[in-house]
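Here is the structure we will look at.
The values are calculated or read from the model by the stated rules, or taken from the named source; none is laboratory data. Since we're looking at a predicted model, the values are computed, not measured. Using ideal geometry, Cβ is built from the backbone for each residue, glycine included, and neighbour counts are taken over all protein chains shown.
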């Protein structure tokens, strides 16, 4: 768990500017490892290595089938190390080990495997003809990619960027968040062992200043970012100065719409438990729960009882469902939102504070807020904690209006005894993905991303590969091309 070097240019390299800092467990408040944090000259070295690997190295010039073989080997190695990744994330960011295989590793090896297969079949070159004119269209790698990943699912979010970028023929500088940098060293090792050439993937943990330097760097052609909407806006502004390519997977305030025919005894506990996943630190969490006004108090009672029974504690205990928040500042942020809700007239049905049996660690008890309306701060802004806001609605049109009345549009869900009715409502929700009765889309085969301030571009699926490609057209005499 002690890491003293960066992966730059295929070698483990000591920091030039950065300092070695402790990684602190959010459950014990004690150090669990050490990691160097990059300074500007460290970022410069990583970008230079990626630039050289792109401009002069073999990776962008390899046949796609050869790149696919490396990605497939990476998938095998990452699958073998999945339990190790899960354990490290439990240490560094407090992910409950009961969820870690799904939340932290479930879409890592499978993403590399998916893009290996897609690389074998994707049309990286095609032709168009009209009369005696012809165009040779090639899908070119965008270049050097700066991949900036959040702390809540550090290896998953890196994989969603690195795998398609490598499939496209790009080179990458990965900047993990300082709160949870350790697990991405396992990704770095697996990629090196899989045969990724030197300089193609570079891993340099760093803070805000390092991230901004990476975004501004003229040697970087594209930024792929996952994190808060506020930071995403800053990145988009900086990229605009250079007309730099950018894709953003940002925050959410997604709605779970429970229709009037739903079985509350089944649906409400499912929604509450899903909202506590990763202690609520999920951009796609369904943190607004919309319930028919006539059944509102019934739903609140079920939600309160469910939340009160959710096991909270040591993330390494297999019985734990809700672990700590990632940092003390994050706990204070969540507590501030709860206080704001109460001040605006909300009712705390369950939780609302720190679990009394956990004096150490940055915990917040699973919290249900009632008497919330969609104009409240807790209903408008992303809390990123184990807090669900229950909002009543009058009729179906009112439910759709409330669900869409948000600056975000990342995820959502509709629950009904009639799946066809739920699907009809789902089609009206302006958001990047919607689940019907808890049926998750088949990731990684389909795109993930958001409408409005939830982001720009898509990850996963074929769209995730196109994120890292630029089409180039060469006009040629038709006689140069083979006959159809």
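Hey, does the range 284-291 have a residue that's crowded, with 20+ Cβ neighbours inside 10 Å, in a helix (DSSP H, G or I) and more than 22 Å from the chain's Cα centre (by Cα)?
no
Can you name the condition, by its number, that residue 465 falls short on among (1) surrounded by fewer than 18 Cβ atoms within 10 Å (Cβ to Cβ); (2) outside any loop (DSSP other than H, G, I, E, B); (3) under 19 Å from the mean Cα position of the chain (by Cα)?
Here residue 465 clears every test but (1).
For the range 246-283, enumerate the residues that are under 20 Å from residue 153 (Cβ atoms) and in a helix (DSSP H, G or I).
Of everything in the range 246-283, those that are under 20 Å from residue 153 (Cβ atoms) and in a helix (DSSP H, G or I) turn out to be 273, 274, 275, 277, 278, 279, 280.
Just to be sure I understand, how many residues within the range 428-461 are farther than 20 Å from residue 286 by Cβ and loosely packed, with under 15 Cβ neighbours inside 10 Å?
Adding up the residues that qualify gives 1.
Scan the range 413-426 for residues that are under 21 Å from residue 253 (Cβ atoms) and without any contact (Cβ under 8 Å) to a residue 60 or more places away in the chain and jot them down.
Selection gives 426 alone.
Determine whether residue 429 is assigned to a loop (DSSP other than H, G, I, E, B), assigned by TED's automatic domain parsing to the domain that holds residue 276, within 13 Å of residue 254 (Cα to Cα) and in contact with a strand residue (DSSP E or B) (Cβ under 8 Å, 6 or more places away or on another chain).
Against the criterion (assigned to a loop (DSSP other than H, G, I, E, B), assigned by TED's automatic domain parsing to the domain that holds residue 276, within 13 Å of residue 254 (Cα to Cα) and in contact with a strand residue (DSSP E or B) (Cβ under 8 Å, 6 or more places away or on another chain)), residue 429 qualifies.
Whether any residue in the range 87-105 is assigned by TED's automatic domain parsing to the domain that holds residue 173, at pLDDT below 95, touching a helix residue (DSSP H, G or I) at 6+ places or on another chain (Cβ under 8 Å) and surrounded by fewer than 21 Cβ atoms within 10 Å (Cβ to Cβ) is what I want to check.
Yes, because at least one residue in the range 87-105 is assigned by TED's automatic domain parsing to the domain that holds residue 173, at pLDDT below 95, touching a helix residue (DSSP H, G or I) at 6+ places or on another chain (Cβ under 8 Å) and surrounded by fewer than 21 Cβ atoms within 10 Å (Cβ to Cβ).
Is it the case that the range 55-78 has a residue that's out of contact with any helix residue (DSSP H, G or I) (no Cβ under 8 Å at 6 or more places or on another chain), under 22 Å from residue 215 (Cα atoms) and either assigned to a helix (DSSP H, G or I) or not assigned by TED's automatic domain parsing to the domain that holds residue 362 (or both)?
Yes, the range 55-78 has at least one match.
Hey, residue 473 hits all of (1) in a strand (DSSP E or B); (2) at pLDDT below 95 but one; which does it fall short on?
Only one criterion is unmet by residue 473, namely (2).
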